[in-house]
Amino acid sequence: MVQTKWVVRDKSKKSVYWPSQEMKERAFVGSDKIYKDAAKNPKAFWANLAKDGLSWDRPWKTVYESKPPYFKWFVGGQLNVSYNCLDRHLEQRGDQDPISNKVAIIWEPEPESERARKITYMGLYRKVCKFSNVLKKIGVRKGDRVGIYMPMIPEALIAMLACTRLGAIHSVVFSAFSGINFKKRVDDCEAKVLVTCDGYWRRGKQINLKKQADIAANAKSVKKVVVVQRFEGKNEFKLKMKKGRDLWYHELMEKASEDSKPVPVESNTPLFLLYTSGTTGKPKGIIHDTGGYLTQAYWTTLFNFDLHEDDVFWCTADIGWITGHTYSCYGPLSVGATMVIYEGSPDVPDWGRLWKIADKFDVSVFYTAPTAIRMFKKMGKKWPKHFDLSTLRILGTVGEPIDLETWNWYFDYIGNKRCPLIDTWWQTETGGTLVNALPGIGPFIPTVAGRPFPGTVADILDDRGKPVKKGETGYLVFRPPFPPGLLRGVWKNPKKYKDTYWSEYGIKTYYTSDGAKWYDKHNIRVTGRVDDVMKVAGHRLSSAEVEDAITSHFHVIVSAVVPKPDEIRGQVPVAFIVLKLGVKPSPEVEASIVKQVRKEIGPTATPHQIFFVKDLPKTRSGKIMRRFLRSMLVNKKLGDASTLQNPEIVDYLKKVVGYKRK
Ligand code: WTA
């Protein structure tokens, strides 16, 4: 069979690709006129998209309102997210239409002995209606916070959608985060109800999640905990249910009615909180609104992934991250797509698992992180070769800069040199993608994310706030009108909101904390974070957060955590630790500190390497100069040590680290 080529190579530049004629014809957007048209009047552009893409209970009065550093979209408009993701697909297309039976979610469990579950839009709608009634019955009302701590199982999405049906605000926490970490978030947002499960499969082992959830369930605000039986009672560990507080999901669902009216909310009402790492030890609750967020989720899903009725979309991100929220839940469901979600690890039973799943379900659009591709590249091309990936049409990546070799490997061996590869730049804060090539427009250039999404205004500025010239590195910013999916605040912390995003260049410029440069007039290459935030295997982690966890160990006085480049994980945390007087460094002390970090945060934060040192480089005001340590780890020039309070420490640290100036 001749396979359709969705891309063609640029005539003069070897590694630049363009959409083929077939791709252009199939794509929702096939001409770059959209950028020009949108730029003429971005507000009108987004207003049209919001109207065309979403169903509103009440139209808005004002498209865009700004009171820097705050802004609003679709003011006065009312809508409900679960209605937009479910009800309207059944209603619009009629009950008799196959869409009611269209599969919304294909869930693949980790053990291959278990069967995949397919949930239709009708089926999902019923479950969400029922669960919204469950939540209502246990006291959840509009504006209340619900903590969701679940692995990749359909019930995680059901719980999220059920919250939105009531206008309740969910806060999903990554299931591999520790219970202590979950509790911090629950305390901050004062969640009334938690939804969790007994556990999940990870690399062939049953993980006891309920035990971790119990730590957060002790939070003062928590009244009820709903527990899903992922193992259907066949768990290998004992489960403790606290009387009066813990309730079984299946029991509640059995009794719940399917009759549930979606509650319309004003467009600027918070839809969810998602905690993410910043430059301090305390994670911040990023607030996303309803109408703006869903507009961006809907249209970025449609334009980037070009999902038509027959497509099968698979975004591999966990629901605990923003990518999971937007592209494993709200985006695909709001456009009425079929999507795959997978519970487990990519190496179970072997490194062919993801390709086996893609083959089994005829996945046509595949979206993952560079760190995963680097791992696949290392494991070799024999794994994807075993499977038929000819249904693939578009590939995407997100989460960190992707290097040339990894890009090429993904393009060659997964896309078989046929598929556009879109490198999407965005952040938890932006709610949806913001900088990337569109599949029907291109160009697809390795290591270059591409163009700001139509209707958004990006710039790259130098230290003084002047736009940089082509080729110069600066800081990526956005100008008004701000993307509709952009955060609306930090939960209970307006100061943090202002200081983090609206201080660097004033209250009218959104500061991303990413370095970037212009590849050409339109296309942007993102170089990575410029603050103390690391991307470890695509996971966002702050230096301060890991340092706080380390310093909470009773043997530790102070620590500094900096990222070191890593071939597979992108970056890994390396810790410099000063122990208390009389405590000698030993494998036991090291193991005990690592244990502490895993307990406080979770395994993703485990230091890759620990150096026990007598002191750290400090400024005169006592601030630790992480920059020095960072450079030292990669044998880069160290810069001026004269501003240090303790310049003599530099030579000592060089010896400890084994520094050799490049
Ligand atoms: C980085 C993930 C380069 C960036 C959606 C950003 C990227 C941070 C890309 C946000 C990309 C994300 N190229 N860097 N395509 N995508 N990043 O909040 O540094 O987990 O600021 O959101 O990831 O990470 P977060």
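The values are calculated or read from the model by the stated rules, or taken from the named source; none is laboratory data. None of the values given here were measured: they were computed from a predicted structure. Backbone-built Cβ (ideal geometry, glycine too); neighbour counts: all protein chains shown.
Observations, loosely collected:
- Verdict on R245 being over 19 Å from D318 (Cβ atoms) and of a type outside the set (V, I, T): yes
- Selection count where residues are among the aliphatic types (A, V, I, L, M) and within 12 Å of the ligand (Cβ to nearest atom), scope segment 393-442: 7
- Some residue of segment 338-354 being within 15 Å of the ligand (Cβ to nearest atom), buried (at least 22 other Cβ atoms within 10 Å of the Cβ) and either within 23 Å of the chain's Cα centre (by Cα) or assigned to a helix (DSSP H, G or I) (or both): no
For every residue, the table says whether it meets (1) part of a loop (DSSP other than H, G, I, E, B); (2) modelled with pLDDT of 95 or more.
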residue: K584; (1), (2): yes, yes
residue: E590; (1), (2): no, yes
residue: Q596; (1), (2): no, yes
residue: S631; (1), (2): no, no
residue: K637; (1), (2): yes, no
residue: Y659; (1), (2): yes, no
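- V146 vs. criteria over 16 Å from K360 (Cα atoms), of a type in the set (A, V, I, L, M, F, W, C) and under 25 Å from the mean Cα position of the chain (by Cα): yes
- Of the strands (runs of 3 or more DSSP E) lying entirely inside segment 418-503, those containing at least 3 residues that are surrounded by fewer than 24 Cβ atoms within 10 Å (Cβ to Cβ) and modelled with pLDDT of 95 or more are 457-461, 474-479.
- Candidates P585, P573, P565 - the one that is farther than 16 Å from A549 by Cβ, touching a strand residue (DSSP E or B) at 6+ places or on another chain (Cβ under 8 Å) and free of Cβ contacts under 8 Å to residues at least 60 places away in the same chain: P585
Yes or no, residue by residue, for (1) under 30 Å from M379 (Cα atoms); (2) modelled with pLDDT under 95:
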site: H522; (1), (2): no, no
site: R540; (1), (2): yes, yes
site: E545; (1), (2): no, yes
site: S559; (1), (2): no, no
site: V574; (1), (2): yes, no
site: P587; (1), (2): no, no
site: K623; (1), (2): no, yes
site: R627; (1), (2): no, yes
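- D388 falls short on exactly one of the conditions (1) within 17 Å of V312 (Cα to Cα); (2) without any contact (Cβ under 8 Å) to a residue 40 or more places away in the chain; (3) not in a loop (DSSP other than H, G, I, E, B), and that condition is (3).
- The set of residues in segment 3-52 being touching a residue at least 60 places away in the same chain (Cβ under 8 Å), surrounded by 14 or more Cβ atoms within 10 Å (Cβ to Cβ) and of a type in the set (V, I, T) consists of V7, V16, V29, I34.
- Test: residue in segment 312-320 that is in contact (Cβ under 8 Å) with a residue 24 or more places away in the chain, buried (at least 23 other Cβ atoms within 10 Å of the Cβ), in contact with a His (Cβ under 8 Å, 6 or more places away or on another chain) and in a loop (DSSP other than H, G, I, E, B): yes
- Evaluating D520 against the criteria (1) part of a loop (DSSP other than H, G, I, E, B); (2) acidic (D, E); (3) free of Cβ contacts under 8 Å to residues at least 40 places away in the same chain; (4) away from the ligand (no atom under 16 Å from the Cβ) leaves one unmet condition, (3).
- Selection from segment 526-550 of residues that are within 13 Å of the ligand (Cβ to nearest atom) and either on the phi > 0 side of the Ramachandran plot or over 20 Å from the mean Cα position of the chain (by Cα) (or both): G528, A537, G538
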